[in-house]
Every structure is written in structure tokens, then in C-alpha cells.
Amino acid sequence: MGIFMEAIRLRPWLLCAGAIVGVSMAAGVANAITLPPGYGYSASQSAQTSADGIAGNHQDSTAVGPVSASTTSPAGTIGPGTASTSGSIGLLPSPHISGGGSVSFTTPPAAYNTRDGQYGSNSYYSGNLNYYFEIAGPTNSVAVNAKALASYSTSALPSGGVATGVINFNVTQLDNLGDPVSPDIIRDSTGSIAVGSYHTPTAAQSGGFTENGTYNLLTNTIYQVALQVIAQVSIVNTGDSDPSATGGTASILASLDPTFNIAGGVANPGDYSFVFSDGIGNSAPVSATPLPAGLLFSITGFSALGLVRILRKNAAALAA
């Protein structure tokens with residue numbers, strides 16, 4: 001998973017300063033609070049596709065909403081392939097990231113099965129959303145229920161198929177200078193690599209996590225929420241001394257959607273209120289509703305050769 005985490009660390013945060021609006025401010029709070037300027041949300045997305053290592057498209061964005069990319073092998077390609085991906089970041093009614101990707105590949109003639117990874121289709125999606133919240137109330141701390149449903153699923157992979165899903169949900173307390181306080185309040189993550197063998201397809205896979213914990217959070221203290229979804233899928237020619245990929249299609253879907261509420265059992269819960277970064281909602285319950293079938297996911301613009309070699313090296317470590 002090292003290649004994906006390295007990409008995560010390099011993502012810039014684009015803080016959007018502005019007025020902050022309280023969510024469900026209770027009448028029992030004497031003085032409404034607002035987050036300081038500079039604690040807005042930041043978003044980044046990347047959708048990238050390539051086919052046969054010679055054709056690719058991508059769309060990068062620092063805005064919420066959808067991104068997409070698609071690639072079809074040019075006419076006359078030895079091993080024709082297609083790749084498509086799309087994803088979206090939303091703020092209302094609660095923050096969420098979802099996306100997916102699909103690839104196809106046709107086996108080239110045996111005479112061309114001489115170079116590992118020379119032919120193939122790759123699809124990649126990455127979405128990141130960072131935002132902040134603070135709690136106003138009559139006590140120094142209060143119990144908060146955090147909920148999040150993270151899920152990913154892949155189709156069955158043909159030989160030469162590779163699929164990866166990574167989902168992260170972190171909540172971090174900040175000190176008076178805006179620096180993170182260790183350890184994180186919440187650190188939920190999931191990651192998996194599925195690699196189709198040279199001779200036998202790999203069965204469909206699914207995974208994720210469900211967050212439904214209660215945490216004692218400080219009032220009048222800023223917390224940072226970081227959401228991340230990465231998914232990739234590819235089919236590549238195995239070449240060399242192994243039989244070529246048999247061709248076929250493969251896909252992956254993933255999503256993440258958290259909410260926060262005053263925990264049950266807290267006395268006078270109406271005396272507490274959340275203030276989120278401007279534009280961030282918090283009203284929708286987390287559900288297990290599956291992603292739309294047409295929503296697609298992807299992989300970085302690496303060539304098939306470089307991608308498969310990297311994933312093969314990391315597969316064992318990530319599975320552990």
C-alpha cells in the first residue's frame with residue numbers, strides 16, 4: 001500500500017476561509033460559536049485511465065462534484081482495450097465520497113505475447129475530503145456518536161486482472177495552534193489487493209468497515225475529519241514465459257459517508273450543538289445503500305508494466 005500512502009501524503013490541502021454556519025444550534029447555548037477563518041473544507045479528486053500504455057485521459061479537480069475519464073485503444077491496436085472511471089465528492093446532506101471503475105481487454109495474438117505488461121487497460125480514482133467541526137455546550141466534554149459506512153467490492157477478475165481498494169476515515173483533535181494532537185480520536189481504514197493469476201480467474205471480493213462508536217470529545221475544541229477513497233482496476237498481458245491474459249472485463253466500486261451526533265444518554269442533549277466547516281452537512285443517517293451500478297472507479301496513469309510490478313510487490317504486505 002506504500003504507493004497509495006505516498007500519494008496521499010503529497011496531496012495539498014486547500015483551506016477555504018469563510019463564514020461558518022452552525023448546524024442545528026440549540027436555544028440552550030448562550031453564545032454561538034464559529035470556527036476561525038482558515039478552517040473550511042478542502043477537496044481533491046483524480047480520475048485517470050489508460051489503454052495499452054499508449055493512450056490515456058485524466059481529470060483532476062479541487063472542487064466537490066463529479067469527475068470522470070475514459071480511454072479506448074486506438075484503431076489497429078494489437079490488444080484492444082477500454083477503461084472508464086468516475087467518482088464524486090458531496091457535502092450535503094452529509095459528506096461523502098463514492099466512485100468506481102471498469103476495464104476491458106482483448107488478448108493479443110500469441111506472436112505478440114513477448115513483453116510483460118505491454119498490452120492492457122488501467123483505471124484509477126482517488127478522492128480526498130478534509131473538514132472541521134467544533135462542539136458548543138455547557139460542559140467541558142460530551143459523548144459523541146460517530147457513524148460511518150465504508151465499503152468496496154470488485155467483480156470477478158480474469159487472468160491478468162488487478163483490483164485495489166483503500167478507504168480511510170480519521171478524526172483528529174487540534175491544539176490551540178491548529179496542530180494535530182496524537183493519537184487520532186478515530187483511525188478506521190481498510191485496504192485490499194486482488195490479483196488474478198496467470199491461469200485462473202480471481203473470485204469477486206468485497207470489504208470495508210462500519211464505524212459506530214461513542215467518543216468523549218472536548219467542547220470548544222476544533223477537530224479535523226479526513227476522508228479518503230482510492231480504487232483501481234486493470235487487466236494486463238502477462239507475456240514472457242507465461243500464457244497471455246485471456247481477456248475479459250473487471251470493475252470495482254467504493255464509498256464512504258460519516259455523520260456525528262450527541263450520544264444517547266447525554267443529559268439535556270439540546271444544550272449542545274455542532275459547528276461544521278461552511279457548507280458541510282450532518283443530517284443524513286449512514287446507510288448500506290449500494291453504489292449505482294453505472295458509477296465507475298480507476299488507477300493512476302502508470303503503464304500496465306509498472307503498475308503490475310508495483311502491485312505484485314505490495315500484495316503480500318497489504319494482505320498481511
Yes or no: I167 of a type in the set (V, I, T) and either surrounded by fewer than 22 Cβ atoms within 10 Å (Cβ to Cβ) or closer than 21 Å to A51 by Cα (or both)?
no
Among all residue pairs at least 6 apart or on different chains, which show Cβ distances below 9 Å where the first residue, located in segment 237-264, is under 11 Å from G161 (Cβ atoms) and the second is at pLDDT below 95 and of a type in the set (D, E, K, R)?
T238/D116
Hey, can you tell me all the residues within segment 258-279 that are in a loop (DSSP other than H, G, I, E, B), in contact with a strand residue (DSSP E or B) (Cβ under 6 Å, 6 or more places away or on another chain) and under 20 Å from L35 (Cα atoms)?
Y272, S277
Given the conditions (1) under 20 Å from the mean Cα position of the chain (by Cα); (2) among the aromatic types (F, W, Y); (3) closer than 30 Å to N268 by Cα, which single one is not true for Y215?
(1)
Sort through V181, V225 and tell me the only one that's assigned to a strand (DSSP E or B), surrounded by fewer than 18 Cβ atoms within 10 Å (Cβ to Cβ) and of a type in the set (A, V, I, L, M).
V181
Could we say that G56 is surrounded by fewer than 23 Cβ atoms within 10 Å (Cβ to Cβ), modelled with pLDDT of 95 or more and more than 26 Å from P36 (Cβ to Cβ) here?
no
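The values are calculated or read from the model by the stated rules, or taken from the named source; none is laboratory data. Nothing here was measured: the structure is a model prediction, and the numbers come from that model. Because the Cβ atoms are built from the backbone with ideal geometry, glycine has one as well, and the counts that use them run over all protein chains shown.
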